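A short worksheet on the structure shown next.
Every read-out reported here was derived from the displayed coordinates using simple, explicitly stated rules and does not represent laboratory data. These numbers were taken from a predicted model, which means no experiment stands behind them. FYI the Cβ positions are ideal-geometry reconstructions off the backbone, even for glycines, and counts take in every protein chain you see.
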Ligand code: NI
């Protein structure tokens, strides 16, 4: 939505790349099974993906609601009985409360994407508090729903802020593992190809429903994922399925602290090149960290 330059802090994380998931083998004919509503969230944590033993992914759509594009996307999702997650900008919530209500009425999840889409890593706690609470209040006022998820614009958030937001606001911080760079408007077929080639079980897939091309890409994207055997979950549902990998000496009864629950993102692929002059939100994959370690960054530098 808005452009900034020099998100250099994301570059370092793009160098590490070792896939920790394998391509799914699910039958293309496997029909998505209905999921139970996500249980009450555990202690808030930070996620870029989940480790799951079934081929679920979470489609996420940022920066809306958009009067021009979100209803059309909702129609596409409804036709396929797919539930997604929408990270809404507070200003757009206030302008489109009817769409907010429709998103929830059709079984999707809503998360907080701040009020004005700033880089939170550059703001003090008072400003961050205002960005978060104003958006929480607007979503609640429009729909009665209070989000439990926050996606920081640009993925820009410091480790301290992450822990503070989890503790202070009870919000899980949701990054992503698949980034089609749809904001660059490469054409619908490229968006589709990038998502299909990068998707893995447990993936959190980033895109933006404010862009017409992105929504234009969704029929082929969604049908392509279905054809590969993928099923769809909201982010909270995906988190509920998460099975953290354990290292030697750890027990299955893991600590629910924000660190031990933090999920490692998938590696950046050739479709998510590092760019020193990247100019858009959510433009690179978030930090790569090794299993059982907290996701490193996105931290401002
Ligand atoms: Ni955004």
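Tabulated data for the structure shown
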{"item": "Contour minus Cα-Cα distance for residue 146 and residue 168 (0.36 nm per residue)", "result": "6.4 nm"}
{"item": "Residue exposure sequence - 98, 53, 182, 137 - by fewest surrounding Cβ within 10 Å", "result": "53, 98, 137, 182"}
{"item": "Potential extension, residue 228-residue 105 segment - 0.36 nm per residue separation minus Cα distance", "result": "41.5 nm"}
{"item": "Exposure proxy order (Cβ contacts within 10 Å, fewest to most) of 72, 162", "result": "72, 162"}
{"item": "Calculated over the range 42-243: convex hull of Cα atoms, volume per residue (Å³)", "result": "103 Å³"}
{"item": "Extension gain, residue 51 back to residue 116 (0.36 nm per residue minus Cα-Cα distance, nm)", "result": "20.2 nm"}
{"item": "Which of 164, 183 has the fewest Cβ neighbours within 10 Å, and the rest in rising order", "result": "164, 183"}
